Amino acid sequence: MSARETILKRLRERADGALSAPESDFSVVTGRGWSPQERLARFEHWIGSVHGEVIHVAEDDWTGALTTLLVDKGVRRLALGKRHPVAAEARLALADAGVALVDVDRDIEQWQREQFENVDAGLTSTRGAIAETGSLWLWPTPDEPRLMSLVPPLHIAVLDAATLEDTFFDVMERHEWADGMPTNALLISGPSKTADIEQTLAYGVHGPRELVVIVRHATELPEGAGRE
Amino acid sequence: MTAVKLYPPRPDKVYLFGTCLIDLLYPEAGMDALRLLEREGIEVLYPQDQTCCGQPAYTSGYQQEARAVAAAQLDLFPEPWPIIVPSGSCGGMMRKHYPGLFAGTDLEAQANDVAGRIFELTEFLVHVCHLDLEDHGEPERVAMHTSCSARREMGLAETGPALLAGLGQVELVEQARASECCGFGGTFAVRHPEISAAMVEDKTQAIEAAGAQCFVTSDCGCMMNIGGRFEQQGKSIKGEHIASYLWRRTS
Amino acid sequence: MSEQAPGVHTYHPREFHRQAHESLDNPQIRANFRKAMDGLMAKRCDSFDDWDLEALRELGANIRLRALARLPDLLEQLEANCEANGVRVHWAEDGDEACRIVREICESHGATSVIKGKSMVTEEMHLNDHLEEAGIEALESDLGEYLVQLNQQTPSHIIMPAIHLNTDEISQIMHDKTGIERTRDVDAMTAAARQQLRERFMAAGVGVSGVNFAVAETGTLCLVENEGNGRMTTTVPPVHVAVTGIEKVVEHLRDVPPLYSLLTRSATGQHVTTYFNMIGSPRKEGEHDGPKEVHLVLVDGGRSDIYQDDELLDTLRCIRCGACMNHCPVYTRVGGHTYGTTYPGPIGSILSPHLMGLEETRDLPTASSLCGACGEVCPVKIPIPDLLVRLRQESVGEGRGNVAGAGVKRSRKELAAWKGFQWLATHPSAWRAGTSMAGKLRGLTPAKLGAWTRHRTAPKPASTTLHALVKQHQAAKTDKEECR
């Protein structure tokens, strides 16, 4: 018998008999009912608490904020996609900004060392975010591959405020994740960190040292949210 | 989930299960429990054939022996009166483990009945007697050590402190890591004496650092452990069972 | 630890008592664990603010129970969905077989270097040693694991592998083993490790990771982490091998958020980890990164034995958060290495006997005061104290005999003592006579009672028992009433 058959047989022929499966009540992880303002406030609080920076911008002017950010952070080489509107608009706006735009629509084997050693930041879109935990959710694509949000020391993520939802459970259910999962689905909450050296927090142990979230607002900025 | 226990109205009579440790080493604690209950106008029945709840054997893995000992206690409480146990550990054994110990045996129903009538002393004083205390003692700073069984098995972290809070002259000091085990654990103290010693050392240090003049506990195992450590070090901090402490200050 | 001779540090559960003594006598170890555990307990407590924790734990327990109830079906479903996604699934009856599978995958790709994400099951099966013997270098990439590996040790905690080391010790290790300047600057040490490990990620032929939850419904492998080394391990090398115990499967994708919430809060008091990495498939046509091959190795390793028994089954609910060790007063005093097992602390004491047999692990089920702190914080409500008691029963031969090595601690002398106790406690008049006699002879009570009196005074029987005092009291009361 193969290991597979042996294991399954042992599990099926359980000595104490078949088990009955209880029903589950998921109400504790959903039904928050937060207003858009509360949602945004929670998102910002939680992602801030784990060292994520948030910049609020008006939707029609977000690339201006991006340009300023790149200057502030001293980014000379930025990795970004081409097709996603975030990437396309950024490329347009950055054409003459003195920042080298690094194409990512190449198989990693061709440029791994370059990506590891010679990219200052990765710019990605996000599919949405989770207020309860301050998490971004990303489904990397050929246009915005998996390593862009991981390898460069700075990850800049663009989030539309309207895509914020309350809980992880809500996101999963509303977007019917179970009907079709991508190659890789990610929640990102802050930059890479460790506390393995005597409980002392240190950032950027393997992934980005910094995470900046540019939150785009369709209408006017929320009260108290300053533009950098 | 642990069901919320519904407390009965104050009964006319109760049984007292004194526990073997109190019977042998600290009988005054048992007497003080009895006096507190009698002062509330409750008649206390003390079955003379009681011995031990069986817990020492049970936690050591000797389930058959524990069951035999426990079975010998089941017949002692024929009337439907509450059974008061001045120990969270023995109370926990009787309330939480008797049903499992007798599951599938002829004694199952009887064990469930007894388990359902078990009350730890401070629980009964607070939730059934709604005890009102008048403190005649001198001002004193005291530390409370609630036993792990009372705290976790029986869910009674609050009843001991609530009773002490009813004593006007008593200041309950806050200890570091109050909920941490003192290291007694029955046979644990014998099988792993050095670990147990490290635990009780930390516990005595915490009580001392909190500025307590004495400590109070609802379990004689913890008292023997913590008090024995203080005494061996020649410290003046003494332990007292909560029943004795309450009786001494209010009688 | 720093005083120990250089070389491999080994610990064994048979040496529990000796190892416990060594830890207890080591103020550095004591301080490191106390400080860390105090912090973790406080953080966990804070992180559940605003939550109906009991409802969440109830749901967590319920999800795990449901997964176990349907385990064989879910494993088949997981396999079918993984295969449909292009993930190759392997089954291993034990750790050795799992090691062979991983090694063969490495060999088939000519990989001589493996980079690892944190995985307790690969610790359990000693994968690194197995690969080294085959000439394949296996390097841990989780910072704590990396440090522990540099120091030729094993993890002392399932979530924080290097928690037994303090900054000075780590500084020394990094200096000795990697040649960096000695520094107490944690950022500098972290940055150095980043540089060292990035080279290794790029060079590795295979990445080996664990799995936190394997979702049957979609064939998704979920990994929880803060550092990003897990994402690196599962994305950078051309081949990814995920290794998991068969019990890690859950039924639905929606079962994941509650367990994830419980896991991060229980483990480190974080409301969320930096990364939640859900792996669906190898690199697809047109995608530019990620491994071209993904394998899943399902390891039994004694789990199907545990599965047979209704009570022991609860052990398999564990989601490996480590909260039980963080809250364990014994673990806090003796540290993780004392247990000598892959899984230390309370969960280790109820799991290791099944993985290694009670003969090897005979001291673990008793290494608890049954204080209940572990069961109280367990996010999936495993009744750990009850399981410890059950294993004590098995040890002395009074259980159901469902654990390897059952009866190993059966001793005629001890049994006779308990039979004596039983006889006395079931013969009330003898009991009363005995306790009364003890009181009369109290002057003869020995001042030394073995280990007890090394640290405490000996208790003394009271001169009059409670039985006798109550009798006197009741007689006096009756007299009084009769006088009235």
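For segment C:418-483, the pair-distance distribution built from all alpha carbon pairs, in bins 10 Å wide starting at 0, is 19, 31, 33, 12, 5, 0 percent.
A Cβ-based charge dipole, computed about the Cα centre of segment C:418-483 with Lys and Arg at +1 and Asp and Glu at -1, lands at about 480 debye.
The lysines within cross-link reach of A:Lys82, meaning a Cα-to-Cα straight distance under 29 Å and a gap of 8 or more places when in the same chain, are A:Lys73, C:Lys284, C:Lys292. Estimated translational diffusion coefficient (Stokes-Einstein, Kirkwood radius over Cα pairs, 4 °C, 1.567 mPa s) of segment B:1-41: 106 µm² per second.
The alpha carbon convex hull volume per residue for segment C:230-350 rounds to 149 Å³. The value of relative contact order for chain B, using C-alpha pairs under 8 Å at least six residues apart, is 20 percent.
Relative to the longest principal axis of the Cα atoms of chain C, helix C:167-178 runs at roughly 40 degrees. Remark on chain C: C:Cys45, C:Cys82, C:Cys99, C:Cys106, C:Cys222, C:Cys318, C:Cys321, C:Cys328, C:Cys378, C:Cys483 stand apart, with no other cysteine beta carbon under 4.7 Å. Just so you know, the Cα atoms of segment C:1-132 work out to an Rg and Dmax of 21.2, 55 Å. Listed by chain and number, the lysines whose alpha-carbon sits under 28 Å from that of B:Lys203, ignoring those within fewer than 8 places in the same chain, are B:Lys96, B:Lys235, B:Lys238, C:Lys35, C:Lys43, C:Lys381, C:Lys448, C:Lys460. Could you tell me which of rounded, prolate or oblate describes segment C:186-294, using a ≥ b ≥ c as the square roots of the eigenvalues of the alpha-carbon gyration tensor, with rounded for a/c under 1.5 and, failing that, prolate when a/b is larger than b/c and oblate otherwise? Oblate is the answer for segment C:186-294, as a/c is 1.5 or above yet b/c matches or exceeds a/b. Once the gyration tensor of the Cα atoms in segment C:294-376 is diagonalised, the equivalent ellipsoid follows with semi-axes of 22, 14, 14 Å, ordered largest first. Annotation: average projected area of segment A:11-144 is 14.1 square nanometres, based on the convex hull of Cα atoms across all directions. Which lysines, if any, have their Cα less than 20 Å from the Cα of C:Lys471, not counting same-chain residues under 8 positions apart? Result set, ordered by chain and number: B:Lys13, C:Lys440, C:Lys480. Pair-distance distribution P(r) for chain A, from all Cα-Cα distances in 10 Å bins starting at 0: 7, 28, 31, 18, 10, 5, 2, 0 percent. Orientation-averaged projection of segment C:69-300 equals 12.7 nm² [convex hull of Cα atoms, one quarter of hull surface area].
DSSP bridge analysis restricted to the protein assembly as shown gives an antiparallel fraction near 25%, rounded to the nearest 5. Relative to the longest principal axis of the Cα atoms of chain A, the long axis of helix A:3-12 makes an angle of roughly 60 degrees. With bins 5 Å wide beginning at 0, the percent of Cα pairs of segment C:224-266 falling in each bin runs 5, 16, 18, 23, 25, 10, 2. Which percentage, to the nearest 5, of the DSSP beta bridges contained in chain A is antiparallel? Once the DSSP bridges in chain A are tallied, antiparallel ones form about 25 percent. The tail of the calculated P(r) for the protein assembly as shown, taken as Cα-Cα distances beyond 46 Å, holds 34 percent of the pairs.
For chain B, the Kirkwood estimate of hydrodynamic radius, built from reciprocal distances between every pair of different alpha carbons, is 18.4 Å. Estimated translational diffusion coefficient (Stokes-Einstein, Kirkwood radius over Cα pairs, 25 °C, 0.890 mPa s) of chain C: 99 µm² per second. Remark: relative contact order (segment C:1-157) = 20 percent; criterion is Cα-Cα distance under 8 angstrom and separation of 6 or more residues.
Read-outs throughout are calculated quantities, based only on the coordinates presented, and are distinct from any laboratory measurement. Fair warning: this is a prediction, and the values are worked out from it, not measured in the lab. Neighbour counts run over all protein chains shown; Cβ positions are idealised from the backbone, glycine included.
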